[in-house]
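Accompanying notes for the structure given below.
The values are calculated or read from the model by the stated rules, or taken from the named source; none is laboratory data. Owing to the predicted nature of the structure, the values given are computational and were not obtained by experimental measurement. As a convention, Cβ positions derive from the backbone with ideal geometry for all residues, glycine included, and neighbour counts pool all protein chains shown. Side chains are part of the model used for accessible areas, which takes the heavy atoms of the whole protein and leaves out ligands, DNA and RNA. Shrake-Rupley method; radii C 1.70, N 1.55, O 1.52, S 1.80 Å.
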Amino acid sequence: MTSAINGYDGSVLNGIQIMSEWESFFKNPSDQTRGLMVAAQTFGSFIMLPFAPLMSDGFGRRKTLCIGSAVICGGVLLQAMSTGIPHFIASRVLVGVGLCIATNAAPLLITELAYPTQRAPITAMYNGSWYVGSILSAWVTYATIKTLPGSVWAWRIPSILQAVPSLLQAILVWSVPESPRWLVAKGRDSEAVAVLVKYHADGRQRDPLVYFTYGQIREALSIEREISSTTSYLTLFKTPGNRRRMRIVLAIGFFSQWAGNGLVSYYIGDVFAGVGITDAPTVGLINGSLQIWNCFIAISAALLVDRLGRRLLFLSSNAGMLITFIGWTLATAFFSTRGDRHAANAVLGIIPLFYLAYNIAYSPMLVAYTVEILPYRIRARGFSMMNLTICIGITTNQFVNPIAIGKLGWKLYIVYCAFLAFQLGYVYMFLVETKGKTLEETAAIFDGQQQIDNITNVGHEAVTQSRQNHVFDSSKPAEAGDDIELSLSRHNSMAPTIATDRDESDWRSRLASADSNYNLKKVLKYRQDSADHSR
């Protein structure tokens, strides 16, 4: 819902800007003023960027998400009641503050809570659901354009409706469990295990998957604490592994906004005016149809991330965007210089193809890939830094594009072609494949094979203990008072916990005999075999 709210907000300005009612109410703002009105939301996000991860790590994912949703609700109501440009800008800043808080917490909660085999597609669908809100916004604004011509409510109603999902989320988030990773990091292991038992094991406390997941969480947190005893924004760049992570995270955040998509996302009226389409209802209809197309592609691609892999999707996306944007540039140039109507029609066909390429990677994987390659202790801060690069990309788009389109016309598109070529080369050189690993194993890829082996072996040891301590019965729920007694880490436990540490030498001997290829698939297979045997 958070991503859909963000999508609605990103598209609602696109829709209301093409309304003559909006332009006349604000007395036909200049390009510079219009850029400021659009970018005000980004300014609000800038204000909160340093603090949003502190809230997510300090208050917890759920509470932070509730606070962000409440702030959004207040901001959009102020926007709907705007009496002038300063009022409108102030309301947009407040919306940006709320969105920054909510969008920092929501994907962390999803990826840290998701069932292991469903984590990648579910997290990928989070960002893909941006288009659900975008679709609603596009068609709501189209409806008010058609039914309320000449009325200020044509642009006020879409803003008012944005408050509804924010209010619902602020209330309903309390029915969602807290992140087990956050709970373990705070020493609340019993609560973390209870979440895993209920949502990953159908109430079976001694399920092997609970042992496996809990063991890997504790080991990953112990390794992170050993590497760095304190966490700050500087931690993001202190170690070689973190620097490798951040050069990817920062790049794809900026790439997601400077791929040419910002032209249609924020200034669709100017883009279509460049090929002779200026009728507001027609532009609104095209915009609404485009959002449906985008949503279909983004959700479909999200379901393929584990099958095709992250690297293939990103490379295909960047290559496709470069090819289609070159065609888009040529078609716009032919129309602008020769008045060729066929070229204008070609633009209408090329834009959906461009978004096909964009949405197979950047819509589903931008957030999902970022949060999975960042370890827990820097996940919120690293994700915030990615959002910073997005804000920088959006701000430059919002300020530069309306002015550049007015002065350069189609020649601006050549700049985007050159940058798309650079993006393709960068992704080819630095993007790392993460398919087929758990969240903790994925985050450890950048720190070397030893760290991956440590986490994998702890998962193996945890499942071994589940075999020794309990004959798995799929039909029998855990009884009250049952504890999981695990020797899970080479390090001291986060503490106090329900786990029982054993002698270090005992751990070393068992670790030496562990199967380093023991993975999630084997755990699930053992779990199923045990369940079948118990029947």
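General remarks:
- Accessible surface ranking that places the most exposed of Met125, Met385, Met1 first, with a 1.4 angstrom probe: Met1, Met125, Met385
- Listed peptides 111-117, 155-161 appear in the order 155-161, 111-117 once ranked by packing, highest mean of other Cβ atoms within 10 Å at the front.
- Extending 7 Å from the Cα toward the beta-carbon at both Glu433 and Arg225 defines two label points whose distance is 3.5 nm.
- Take 386-395, 169-178 and order them by the average number of nearby Cβ atoms within 10 Å per residue, most first; the result is 386-395, 169-178.
- Take Leu234: with every protein chain present and a 1.4 Å probe, its accessible area is about 130 Å².
- Cα centroid separation - the range 71-90 against the range 357-422, whole Å: 26
- Residues His200, His87, His342, ordered by accessible area of protein heavy atoms at a 1.4 angstrom probe radius and largest first, appear as His342, His87, His200.
- As a fraction of the 1.4 Å probe accessible area of the range 121-267, surface on carbon and sulfur atoms comes out at 67 percent.
- Every Cα-Cα pair in the range 1-98 was counted, and those over 23 Å apart are 27% of them.
- Förster radius 25 Å - calculated FRET efficiency between Leu148 and Leu168, Cβ distance, rounded to 0.05: 0.50
- Separation of the Tyr426 and Gln118 label points, Cα + 7 Å toward Cβ, nm: 3.5
- Note on surface exposure: Lys407, Lys198 rank Lys407, Lys198 by accessible area, highest first, 1.4 Å probe.
- The Cα trace of the range 74-211 gives Rg and Dmax of 20.0, 65 Å, the first to one decimal, the second as a whole number.
- C-alpha center-to-center spacing [the range 243-257, the range 171-238] in angstrom: 26
- With K and R counted +1 and D and E -1, the other residues having a Cβ less than 12 Å from that of Ile145 yield a net charge of -1.
- Computed E for Ile323/Asp31 - FRET, C-beta separation, R0 25 angstrom, nearest 0.05: 0.25
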